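Undergrad: Before I ask anything, let me first share the structure, which is written out below as structure tokens.
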Amino acid sequence: MKLLLDIEKCTGCGICELVCSAVKGGVFNPEMACLKIHSRYAKGDLVIRGEFCDLCLECAEACPTGAITSENGSLSVDQESCSECGLCVDACPYGIIHLSPSGRLFICDRCGGSPECVSWCPHEAIKKEESAT
Amino acid sequence: MVVRIRMHGSLARHLAGEGADSGNGITITFPQKEVSIAQVFSRLRISEEVVGFVAVNGVRAAKDTWVTDEDEIAIFPSVTGG
Amino acid sequence: MSYTGKVLRVNLCTGDVTKESLNQNWAEKYFGGKGLGVKYLYEELREGIDPLSSANKLILTTGPFTGTVVPCSGRLTFAAKSPATGTMLDSSIGGRFATQLKFAGYDVLIIEGQAENPVCLVIHDDKIEIRDATRLWGKSIFETESQLEEEFEREPGILSIGPAGEKLVYIACIGTEYYRQAARCGIGAVMGSKKLKAIVCSGSNDVTVPDMPGLLKLVKRLIWEDVLTDANLGIYIDGTPQIVDMSNTAGVLPTRNFQDGVFEGASKINAEAIRRLQPRKKACPACALGCGNYIRIGNSAVEGPEYETLALVGSNCGVDDIEAIIRFNAECDDVGIDTISAGNIVGFAMEMTERGIKDFGIRFGDIETYLKMPRLIGCQEGMGEELSRGVRYLAEKYGGGEFAMEVKGLELPGYDPRGSWSMGLAYATANRGGCHMGGFPIASEAFGDIDPFTIEGKAKLTIDSQHYNAIKFSLVLCDFWAVSLETMSELISCVWGREVSVAELKKAAERIWNIGRLFNVREGFKAGEDTLPDRIFTDPLKSGTPAGRVLPRDQFDAMLREYYQLRGWDSNGIPTPEKLKELDM
């Protein structure tokens with residue numbers, strides 16, 4: 001499953017990031033969200049960009065214990081096998097994998113098929129596209 | 001009789017079904033010689049709750065005003081701040 | 001509860017940075033935002049200080065919902081003593097600073113004293129630095145932000161002032177994210193008097209609530225059933241420009257220095273005119289609506305123009321050229337001044353010139369000269385220096401007092417009280433001067449069902465509106481969400497983990513209103529200052545719905561008397577000891 005941002009619709013409210021960290025970690029913290037929405041005035045010009053897990057699998061490759069796997073178009077993590085080494089966190093090109101202070105790994109698993117970010121966006125700016133793999 | 005309606009702000013969407021944007025407004029025909037504003041709301045399928053105020057021929061009018069042929073009605077949404 | 005429990009206090013005289021506990025007692029009674037800010041201000045300031053001296057404080061407050069997913073909660077509030085009016089001031093700003101302050105770990109930031117040389121305060125979590133900002137001093141707000149955004153990796157919240165704030169201009173504002181401002185009552189001059197050029201803040205901590213699943217369930221329902229509804233969507237679809245047609249039709253759109261309430265050029269500066277420019281929408285953090293209209297025309301860019309700007313800088317100056325209004329707006333945002341006061345002052349200067357009372361060299365509709373005004377005023381050049389002091393000063397010096405449209409020294413915003421008598425009362429009694437944010441009773445009256453041209457029931461209507469805003473802006477929920485008291489009660493009960501009834505909110509609202517009044521009373525304000533410009537009482541409007549009308553002085557006086565009575569204040573407008581006791585103050 002691909003996640004895409006419609007920059008014509010995105011207002012930069014960040015509700016998606018707040019909900020992600022809330023659902024995954026029980027806290028509000030955009031820095032712990034498994035997606036990043038940039039909506040800012042760079043030198044006064046409005047720039048909107050979304051970063052989602054695009055299944056590059058750098059994290060899975062970096063993982064020494066095989067805790068991160070990919071199936072049915074999304075990642076999943078076996079928390080028991082995770083050694084909390086943090087190599088996946090460093091490997092992620094978007095910086096959207098996080099290790100919580102309690103040792104839990106936050107990774108975009110498409111919320112089991114029904115992404116929260118998609119369902120919460122007030123303006124339907126995040127779209128999901130089911131892919132063949 | 002025929003009246004011309006302009007809906008402003010969020011209410012303009014309700015006219016979409018009648019084939020107009022809020023810029024031009026639409027005309028509506030009633031068989032009666034006079035109708036109340038409430039009847040106009042009813043015809044447009046909007047509830048009074050979402051309406052802030054109404055103007056008839058450019059002047060703010062009470063919601064129990066009656067309108068007649070060739071009147072222009074502007075309908076504004078309720079607002080909370082500005 | 002959702003507070004961090006910490007107040008960050010920075011003293012710019014000594015360089016001391018302290019972290020102290022949030023006063024929980026005050027948080028329970030005043031919540032956050034407007035209420036908590038004014039409470040801290042009242043308690044920490046003594047009477048009679050010079051607002052531009054080191055004795056003033058700049059108090060920045062978040063609210064209990066800041067940093068959570070509660071919709072429309074991402075705004076910051078400032079409190080200080082106003083250099084323009086001498087009253088208390090509370091001013092609110094959008095953008096991400098508030099949430100970043102909360103994620104950094106602070107509910108409140110208090111800035112005291114004055115730096116000797118220009119400084120920039122940098123906050124990241126518990127790392128606080130007071131950096132030299134000499135290299136930034138003199139730069140406009142846009143230049144300052146542009147410079148600072150290069151120096152920080154994260155996307156921090158940035159607050160800054162322009163030359164106007166540095167020069168202590170009474171109408172100076174504070175800017176953020178280029179195009180948002182806290183603008184009224186000279187808040188920018190307070191920051192400038194501390195030689196504080198900018199504050200940069202980012203945070204990486206969690207914000208927690210006692211019942212996360214409960215809150216998520218509640219908010220999800222509210223977003224679709226209570227926020228994205230007809231009552232609120234206008235602000236997303238068009239933004240505040242939707243009000244231009246409303247005001248013009250109701251006959252309250254300030255035109256040529258409030259000489260009339262209907263502007264022949266309204267259709268050139270209304271929501272449709274803005275829509276043609278194809279704005280891009282921008283929201284504050286956690287806002288499910290998104291009122292910001294980002295527009296770029298030539299070299300000028302704005303998030304706006306907002307209704308107030310379209311009114312005061314457009315119709316009030318006899319200008320119907322939307323591009324000229326945008327340019328004026330952009331200049332104000334860059335040099336760092338309030339568009340409401342700027343437009344009002346320029347309109348006054350235009351009328352004075354046309355009447356031959358004092359030649360300021362500018363007439364209604366004179367776009368060429370008008371476009372020079374923001375920089376003249378903000379940079380204190382030429383006649384800008386005098387103009388920047390406001391219409392009260394100008395009228396005292398040159399005359400024209402009958403049409404100096406101000407209350408307590410704050411220039412009036414975009415609603416003519418002759419077409420909305422409750423707004424007259426609201427302007428006269430707002431704690432920070434002639435202001436439409438203290439209470440907005442016109443929403444139910446001229447823009448609603450209630451007859452605008454009677455005083456009956458207006459005192460109660462105005463009080464209820466003031467209380468509604470007081471609690472809303474203390475919980476910190478945005479003006480533009482028509483949220484009911486019942487829903488506010490549901491939200492705060494969930495986030496605080498205890499039942500907070502509507503009755504408790506109403507009592508808190510009254511308390512919040514009264515503490516602002518007490519501040520002013522302590523500063524020596526008298527009932528006589530709860531009044532309106534002469535024009536409102538004596539000059540009939542000419543056009544539209546309120547044609548031929550004034551707000552008669554005797555009617556206003558009766559309305560005000562009833563207002564004091566209902567508020568439990570004495571005939572001098574001073575809260576009685578019994579009232580204060582009732583409010584646990």
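Read-outs throughout are calculated quantities, based only on the coordinates presented, and are distinct from any laboratory measurement. Worth saying up front: this structure is predicted, and the values here are computed from it rather than measured. Counting neighbours? That spans all protein chains shown, and the Cβs are built from the backbone with ideal geometry, glycine included.
Undergrad: From the residues A:ALA91, C:GLY336, C:GLN466, which one has its Cα farthest along the dipole of the protein assembly as shown in the positive direction, the dipole being from +1 and -1 charges on Cβ of Lys/Arg and Asp/Glu about the Cα centre?
TA: C:GLN466
Undergrad: Principal axis extents for the protein assembly as shown, Cα atoms only, whole Å, descending order, please.
TA: Taking the Cα atoms of the protein assembly as shown, the three principal extents are 83, 74, 56 Å.
Undergrad: Here are some pairs, C:LYS39/C:LYS167; A:LYS24/C:LYS102; C:LYS102/C:LYS220; A:LYS24/C:LYS506; C:LYS460/C:LYS581; which of them have Cα atoms lying more than 30 Å apart in this structure?
TA: On the way: C:LYS39/C:LYS167 28 Å; A:LYS24/C:LYS102 20 Å; C:LYS102/C:LYS220 22 Å; A:LYS24/C:LYS506 36 Å; C:LYS460/C:LYS581 21 Å.
Flagged as over cut-off: A:LYS24/C:LYS506.
Undergrad: In nm, give the distance between the simple-model label positions of C:SER571 and B:GLU49, each being 7 Å from the Cα along the Cα-to-Cβ direction.
TA: Inter-label distance under the simple model: 4.6 nm.
Undergrad: Same structure again: Among B:27-38, A:67-78, how do they line up from the highest to the lowest mean number of other beta-carbon atoms within 10 Å? The partial results should precede the final answer.
TA: Numbers: B:27-38: 13.1, A:67-78: 16.5.
Sorting B:27-38, A:67-78 by mean packing, highest first, produces A:67-78, B:27-38.
Undergrad: Given the DSSP H assignment, sum -39500 (n - 2.57) over each helix run of at least 4 residues in chain A and divide by its residue total; what's the result at 222 nm in deg cm²/dmol, nearest 500? Intermediate values should be presented prior to the final figure.
TA: On the way: 4 runs with 26 residues, N = 133.
Helices in chain A give a 222 nm mean residue ellipticity of -4500 deg cm²/dmol.
Undergrad: Report the gain in length on full extension from C:THR134 to C:TYR42: 0.36 nm times residue separation, minus Cα-Cα distance, nm rounded to one decimal.
TA: Numbers: separation 92, 0.36 × 92 = 33.12 nm, distance 3.23 nm.
Taking 0.36 nm per residue and subtracting the Cα distance, the gain is 29.9 nm.
Undergrad: Report the local net charge at C:THR66: Lys and Arg +1, Asp and Glu -1, summed over other residues whose C-beta lies under 9 Å from its C-beta.
TA: Details: positive: C:ARG75, C:LYS102; negative: C:ASP107.
Counting the neighbours of C:THR66, the net charge comes to +1.
Undergrad: Can you give the mean number of other chain Cβ atoms that lie within 10 Å of the Cβ atoms in peptide C:463-470?
TA: On the way: counts 0, 0, 1, 0, 0, 2, 2, 0.
The mean count of partner-chain Cβ atoms within 10 Å per residue comes to 1.
Undergrad: Still on this structure: Where does each of C:4-14, C:65-75, C:452-462 land if you order them by average Cβ count within 10 Å, highest first? Numbers along the way, then the final one.
TA: Working: C:4-14: 18.2, C:65-75: 29.4, C:452-462: 20.2.
Listed from highest to lowest mean packing, they are C:65-75, C:452-462, C:4-14.
Undergrad: Under the rule of -39500 (n - 2.57) per DSSP H run of 4 or more residues, summed and divided by the residues of chain B, what mean residue ellipticity at 222 nm is obtained, to the nearest 500 deg cm²/dmol?
TA: Calculated mean residue ellipticity at 222 nm is -2500 deg cm²/dmol.
Undergrad: A follow-up question, please. Kindly state, to the nearest 0.05, the FRET efficiency for C:GLN278 paired with B:ARG13, given R0 = 22 Å and r defined as their beta-carbon distance. All intermediate terms of the calculation are to be shown ahead of the outcome.
TA: Numbers: r = 19 Å, r/R0 = 0.85.
After rounding to 0.05, the efficiency reads 0.75.
Undergrad: Under 8 Å for C-alpha pairs, at least 6 residues apart: give me the relative contact order for chain C, rounded to a whole percent. Write out the running numbers ahead of the final one.
TA: Values: 1401 pairs, mean separation 89.7, N = 585.
Answer for chain C is 15 percent.
Undergrad: Still on this structure: Taking R0 as 56 Å, what's the FRET efficiency between A:TYR94 and C:ASN117 from their Cβ-Cβ distance, rounded to 0.05? Don't skip to the answer; put the middle values down first.
TA: On the way: r = 41 Å, r/R0 = 0.73.
Working from the Cβ atoms, E equals 0.85.
Undergrad: Evaluate peptide A:32-41: per residue, the Cβ atoms of other protein chains within 10 Å of its Cβ; return the mean as an integer.
TA: Values: counts 2, 0, 0, 0, 1, 0, 1, 6, 7, 13.
For peptide A:32-41, the averaged partner shielding equals 3.
Undergrad: Something else: Among the aspartates and glutamates, which have Cα under 20 Å from the Cα of C:LYS458 when same-chain residues fewer than 8 positions away are ignored?
TA: Partners within reach: C:ASP416, C:GLU445, C:ASP449, C:GLU510, C:GLU529, C:ASP530, C:ASP554, C:ASP557, C:GLU562, C:ASP570.
Undergrad: While we're here: For a test of the definition: using alpha carbon positions, the gyration tensor, and the 1.5 limit on a/c, classify region B:2-77 as rounded, prolate or oblate.
TA: Details: a/c = 1.44, a/b = 1.19, b/c = 1.21.
Here region B:2-77 falls in the rounded category.
Undergrad: Right, next: So, in Å, what gap is there between the alpha-carbon centers of region B:31-59 and region C:199-265?
TA: Between the Cα centre of region B:31-59 and that of region C:199-265, the gap is 25 Å.
Undergrad: Rounded to the nearest 5, what is the percent of antiparallel bridges among the DSSP beta bridges in chain C?
TA: Values: 45 of 56 bridges.
Within chain C, antiparallel bridges account for around 80 percent of the total.
Undergrad: Could you work out how far apart the two model spin labels at C:SER484 and C:ASP16 are, taking each label as a point 7 Å from the Cα in the direction of the beta carbon, and quote it in nm?
TA: My value for the distance between the label points is 4.9 nm.
Undergrad: Additional query: Rounded to the nearest 0.05, what FRET efficiency is calculated for C:LYS127 and A:ALA42 with R0 set to 22 Å and r the Cβ-Cβ distance?
TA: Working: r = 25 Å, r/R0 = 1.12.
Calculated transfer efficiency: 0.35.
Undergrad: Please give me the summed charge of the neighbours of C:GLU150: other residues whose Cβ is under 15 Å from its Cβ, Lys and Arg +1, Asp and Glu -1. Write out the running numbers ahead of the final one.
TA: Details: positive: A:ARG40, A:LYS43, C:ARG131, C:ARG135, C:LYS139, C:ARG154; negative: A:ASP45, C:GLU143, C:GLU145, C:GLU149, C:GLU151, C:GLU153, C:GLU155.
Charge balance in the 15 Å sphere: -1.
Undergrad: Could you compute the net charge surrounding C:ILE455? Neighbours are other residues with a C-beta less than 12 Å from the C-beta of C:ILE455; K and R count +1, D and E count -1. Can you show the working numbers first?
TA: Details: positive: C:LYS458, C:LYS460, C:ARG553, C:ARG561; negative: C:GLU445, C:ASP451, C:GLU456, C:ASP554, C:ASP557, C:GLU562.
Net local charge, C:ILE455 excluded: -2.
Undergrad: Something else now. Would you calculate a helix-derived [θ] at 222 nm for chain C, using -39,500 (n - 2.57) for each DSSP H run of n ≥ 4 and dividing by the full residue count, to the nearest 500? Display every interim value, and only then the final one.
TA: Values: 23 runs with 220 residues, N = 585.
My calculation for chain C gives -11000 deg cm²/dmol from helical runs alone.
Undergrad: With a point put 7 Å past each Cα toward its Cβ, work out how far B:GLU70 is from C:ASP366 in nm, to one decimal.
TA: 4.3 nm
Undergrad: Subtract the Cα-Cα distance of C:SER53 and C:ASN299 from 0.36 nm times their separation in residues, and report this length gain in nm to one decimal. Could you put the intermediate results ahead of the total?
TA: Details: separation 246, 0.36 × 246 = 88.56 nm, distance 3.71 nm.
Computed gain between C:SER53 and C:ASN299 is 84.9 nm.
Undergrad: Residue by residue through B:57-68, how many Cβ atoms from other chains fall within 10 Å of the Cβ on average? Don't skip to the end; give the middle numbers.
TA: On the way: counts 0, 7, 7, 13, 1, 2, 2, 0, 0, 0, 0, 0.
Average per residue, whole number: 3.
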